[in-house]
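Remarks on the structure that follows.
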Amino acid sequence: MRICLIAAALLALPVLSACGSGDEAPAVTQAELSKSLQDKGLKNPALADCAAQVFLDSGMSQDGLRVMVSNAQSDDPAKLLSEDDSAKVGAAQSKIAADCVRLGS
């Protein structure tokens, strides 16, 4: 009987822990992303603000945006992005080149 109760508790644990623990990380903001871009070498604040907004509007996942604001030194941060987010970064970079670079002049 005791083993059955322990087994039931262990089986229920993943289900119960997924029910709104509230420990979800807050969404990445445009200001955080802009600051991160500036910290990583994009010195023009207007260009960084515009680029950050384009990345947010691209529909990237929050996990992908967190990779972008992360200070982790990886050989290739793109390896940390999902295939979907990588495609969205490529599209966003084209839009940044078209819409934001004029702000950096």
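The values are calculated or read from the model by the stated rules, or taken from the named source; none is laboratory data. Note that the coordinates shown come from a computational prediction; the quantities given were computed from them, not determined experimentally. All Cβ positions, glycine included, derive from the backbone under ideal geometry; neighbour counts span all protein chains shown. Side chains included, ligands, DNA and RNA excluded: accessible areas come from the protein's heavy atoms. Shrake-Rupley method; radii C 1.70, N 1.55, O 1.52, S 1.80 Å.
What the table shows:
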item: Long-range neighbours under 9 Å by Cβ, at least six apart or interchain, first residue among the acidic types (Asp, Glu) within the range 38-55, second at pLDDT below 90 and open to solvent by 50 Å² or more (accessible area, probe 1.4 Å); result: ASP39/ASN71; ASP49/LEU103
item: Condition met for ALA12 (open to solvent by less than 80 Å² (accessible area, probe 1.4 Å), out of contact with any Phe, Trp or Tyr (no Cβ under 9 Å at 6 or more places or on another chain) and either at pLDDT 90 or above or small (Gly, Ala, Ser) (or both)); result: yes
item: SER34 being at pLDDT 60 or above, closer than 22 Å to CYS100 by Cα and not acidic (Asp, Glu); result: yes
